[in-house]
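Participant: Pasting a structure here, questions to come.
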Amino acid sequence: SSRNASNLVQYLCDFEAANIEKLPTDKTTRHMGWQDSDGSAGFLLGQKQFHLEGDKVNLVPDDGLEQLAKGWTTDGTWDGWIRSIEPALSRPMLMLALYASAATPLLRVLDAPNFIVDWSGETSRGKTTALRVAASVWGCPDERSGGIMYSWDATRVWIEQSAGFMHSLPLILDDTKRARYKQTVSQVLYDFAFGQGRGRGAPNGVRAQASWRSILLTTGEAPATGFSEDAGTRARVISLKGSPLGAQSVENAQAAMGLKHGLMNNHGHLGCRMIDYLVSNRHNWDQIKQQYHERRDSYVESAGDDGVAARLAVYVAVLDVSASIMHSLGVPEPQVDPMSVVWSTVLDGSLDADRPTEALRDLIGWAVANQTRFWGRHETDKLGTPNLPSGGWAGQWKKFDDWESISILPAIAKDLLRRWDYDLNSVLEGWVRRGWLQTNGRSRTWPVSIDGQRARCMVLKREAAE
């Protein structure tokens, strides 16, 4: 009771102090995955230990995270899993799900950054099936209780804490449409790429910050990059658009059903083989890193002057190394090379992450649709007198084919960019850095004549428009 509680606490403290050298101790951890920064303490997958040395480590999750460890188990057989993934061998985007999922523990080995792989497209076209394939590498590929697939219908704090608990294992979130707020998706993408949770206070100080080295696998009807206007975050997302199963057909529907049934009964085997390989070949990690560096440099060279593709090349190289190890462990070779497919997708879609280019395209498109609001392309009456546009002048743009620039009033350009959810400062800085915007000393505007009046405008060069 309150009368003797302090005495009892004091007794227990004294007892512990007197017997501290005789009390048994256990090693504990709050997260799965690699247990040391250099991987020397081994790997924890659920309750299964993959150790190089030392005693057993007991998993003691924070309150509320215990159930997340239950799904990271094996079921069925390796041969049963190989038979189950047979439909994926002819479908590159399903094979990429395997590569990305198996690659997660490699990030620590390769010293590679976190990134996101996103499948987007119409509903009921195989996106969730791709996540099932990915989840089957490590455990139960089920979005219901006991599985390792989760929904975007979760809070930012829950996702952060879950990512920290899984640590070196993939975080699998299905259907961005289920997120309660659009900003939740953009914030999670940014936080996940950063690899560390927010600092928070506690009654007696501060809470330990969650951290992770992982890959986020996600799906949605719209690309995940559409939720974020941060160019840095977008350049960490490999965006795979379209149906992972292929065109809608009876054959592909049967393949989806076969994959679901087979993987629910056979899963968790490849992840164990992957960790066994990495733990047993600790002495070959430098060789694996060298292979990664060579492939990364090859992809960067292939990207040429495409800065976004060059950044994404780092993540494609991780998938390439993962594929190489996977196939050496007995996973059959695919019928179509998934790496050529993903690299082609990166090159075609890199402009989506290039926000200054995308903003310029949108602004020029608006100018083309509103040409009569520009002095030089304005309408006149029968006497040749200029008609003032209903929305007012937008700027100056010469009518003839030899025009050199498009001048837009700053208030209009900035209002449009903000309305389209662009980060104004980063876009304008990008335009200046690339020489697309004509500048005058420190100013980003230039004096232009509009209907006999001088006004300062943002002047976009023709070569930028082209």
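Participant: Report yes if some residue within segment 294-308 is in contact with a Pro (Cβ under 8 Å, 6 or more places away or on another chain) and either assigned to a loop (DSSP other than H, G, I, E, B) or crowded, with 21+ Cβ neighbours inside 10 Å (or both); otherwise report no. Write out each step before concluding.
Facilitator: If we filter segment 294-308 for residues that are in contact with a Pro (Cβ under 8 Å, 6 or more places away or on another chain), which is where we start, we get none.
No, that holds for no residue.
Participant: Identify the residue in segment 335-366 that is within 17 Å of the chain's Cα centre (by Cα) and of a type in the set (D, E, K, R) and, among all such residues, is modelled with the highest pLDDT.
Facilitator: Checking each candidate, the answer is Arg355.
Participant: Right, something else. Among the residues that make up segment 43-59, is at least one of them open to solvent by 60 Å² or more (accessible area, probe 1.4 Å), modelled with pLDDT under 95, among the β-branched types (Val, Ile, Thr) and over 25 Å from Arg296 (Cα atoms)?
Facilitator: Taking every residue of segment 43-59 in turn, none turns out to be open to solvent by 60 Å² or more (accessible area, probe 1.4 Å), modelled with pLDDT under 95, among the β-branched types (Val, Ile, Thr) and over 25 Å from Arg296 (Cα atoms).
Participant: Working only within segment 130-156, note down all residues that are assigned to a helix (DSSP H, G or I), in contact (Cβ under 8 Å) with a residue 40 or more places away in the chain and either under 16 Å from the mean Cα position of the chain (by Cα) or surrounded by fewer than 21 Cβ atoms within 10 Å (Cβ to Cβ) (or both). Working first, answer last.
Facilitator: Going through segment 130-156, the residues assigned to a helix (DSSP H, G or I) turn out to be 130-135, 156.
Going one step further and asking which of them are in contact (Cβ under 8 Å) with a residue 40 or more places away in the chain, we end up with 130-135.
Selection gives Ala130, Leu131, Ala134.
Participant: Scan segment 242-253 and report the pairs whose first residue is part of a helix (DSSP H, G or I) and whose second residue is among the aliphatic types (A, V, I, L, M) and open to solvent by less than 30 Å² (accessible area, probe 1.4 Å), with Cβ atoms within less than 7 Å and a gap of 6+ or a chain change.
Facilitator: Within 7 Å, the pairs are Asn252/Leu245.
Participant: Have a look at Thr128, Thr176, Thr155 and point out the one that is polar (S, T, N, Q) and under 16 Å from Gly262 (Cα atoms).
Facilitator: On the way: Thr176 fails: under 16 Å from Gly262 (Cα atoms); Thr155 fails: under 16 Å from Gly262 (Cα atoms).
None of the others qualify; the one that does is Thr128.
Participant: Just a yes or no: is a residue in segment 264-272 modelled with pLDDT under 90, surrounded by 17 or more Cβ atoms within 10 Å (Cβ to Cβ) and of a type in the set (S, T, N, Q)? Show your work before the answer.
Facilitator: Kept after step one, since they are modelled with pLDDT under 90, are these residues of segment 264-272: none.
Checked segment 264-272: no residue is modelled with pLDDT under 90, surrounded by 17 or more Cβ atoms within 10 Å (Cβ to Cβ) and of a type in the set (S, T, N, Q).
Participant: Which condition from (1) open to solvent by 60 Å² or more (accessible area, probe 1.4 Å); (2) more than 28 Å from Gly232 (Cβ to Cβ) is the one that Gly391 breaks?
Facilitator: (1)
Participant: Just give me the residues in segment 108-129 being in a helix (DSSP H, G or I), buried (at least 23 other Cβ atoms within 10 Å of the Cβ) and either of a type in the set (Lys, Arg) or touching a Ser or Thr at 6+ places or on another chain (Cβ under 8 Å) (or both), in sequence order.
Facilitator: Residue satisfying the conditions is Lys127 alone.
Participant: Within segment 358-379, is there a residue that is touching a Lys or Arg at 6+ places or on another chain (Cβ under 6 Å), open to solvent by 10 Å² or more (accessible area, probe 1.4 Å) and among the polar types (S, T, N, Q)? Lay out the reasoning, then the answer.
Facilitator: Our first condition is that a residue be touching a Lys or Arg at 6+ places or on another chain (Cβ under 6 Å); within segment 358-379, this holds for 371, 376-377.
Applying the additional criterion that residues be open to solvent by 10 Å² or more (accessible area, probe 1.4 Å) yields 371, 376-377.
After this cut, where a residue has to be among the polar types (S, T, N, Q) as well, the list is 371.
Yes: segment 358-379 contains one or more residues that are touching a Lys or Arg at 6+ places or on another chain (Cβ under 6 Å), open to solvent by 10 Å² or more (accessible area, probe 1.4 Å) and among the polar types (S, T, N, Q).
Participant: Filter segment 50-94 for residues that are assigned to a helix (DSSP H, G or I), of a type in the set (A, V, I, L, M, F, W, C) and more than 22 Å from Phe165 (Cα to Cα) and give the result. Before you say what the answer is, go through the steps one by one.
Facilitator: So in segment 50-94, the residues assigned to a helix (DSSP H, G or I) come out as 66-69, 78-84, 86-90, 92-94.
Of the ones still in play, those that are also of a type in the set (A, V, I, L, M, F, W, C) are 68-69, 78, 81-82, 88-89, 93-94.
Listed by number, the residues that qualify are Trp78, Trp81, Ile82, Ala88, Leu89, Met93, Leu94.
Participant: Condition check: among the aliphatic types (A, V, I, L, M), open to solvent by 70 Å² or more (accessible area, probe 1.4 Å) and under 24 Å from Val117 (Cβ atoms). Does Ala247 satisfy that? Please lay out each step first, then the result.
Facilitator: Working: among the aliphatic types (A, V, I, L, M): yes; open to solvent by 70 Å² or more (accessible area, probe 1.4 Å): yes; under 24 Å from Val117 (Cβ atoms): yes.
In short, yes.
Participant: Sort out which residues of segment 158-176 are assigned to a helix (DSSP H, G or I), over 16 Å from Gly268 (Cβ atoms) and in contact (Cβ under 8 Å) with a residue 24 or more places away in the chain, and write them in order of number.
Facilitator: Going through segment 158-176, the residues assigned to a helix (DSSP H, G or I) turn out to be 158-166, 176.
In the following step, the residues that additionally are over 16 Å from Gly268 (Cβ atoms) were identified as 158-165, 176.
If the condition is that a residue be assigned to a helix (DSSP H, G or I), over 16 Å from Gly268 (Cβ atoms) and in contact (Cβ under 8 Å) with a residue 24 or more places away in the chain, then Ile159, Glu160, Gln161, Ser162, Ala163, Gly164, Phe165, Thr176 are the ones that fit.
Participant: While we're here: Filter segment 274-286 down to residues that are touching a residue at least 60 places away in the same chain (Cβ under 8 Å) and open to solvent by 30 Å² or more (accessible area, probe 1.4 Å) and give me whichever is nearest to Leu217 (Cα to Cα). Reasoning before the result, please.
Facilitator: In the first step, residues of segment 274-286 are kept if they are touching a residue at least 60 places away in the same chain (Cβ under 8 Å); the result is 274-276, 278-279, 282, 285.
Among the residues that remain, those that are also open to solvent by 30 Å² or more (accessible area, probe 1.4 Å) are: 276, 282.
Details: Asp276: 23, Arg282: 27 Å.
Result: Asp276.
The values are calculated or read from the model by the stated rules, or taken from the named source; none is laboratory data. Because the structure is predicted, anything quoted here is derived from the model rather than measured. Neighbour counts are summed over all protein chains in view; Cβ atoms, including those assigned to glycine, are modelled from backbone coordinates with ideal geometry. Heavy atoms of the whole protein, side chains included, go into the accessibility calculation; ligands, DNA and RNA do not. Shrake-Rupley method; radii C 1.70, N 1.55, O 1.52, S 1.80 Å.
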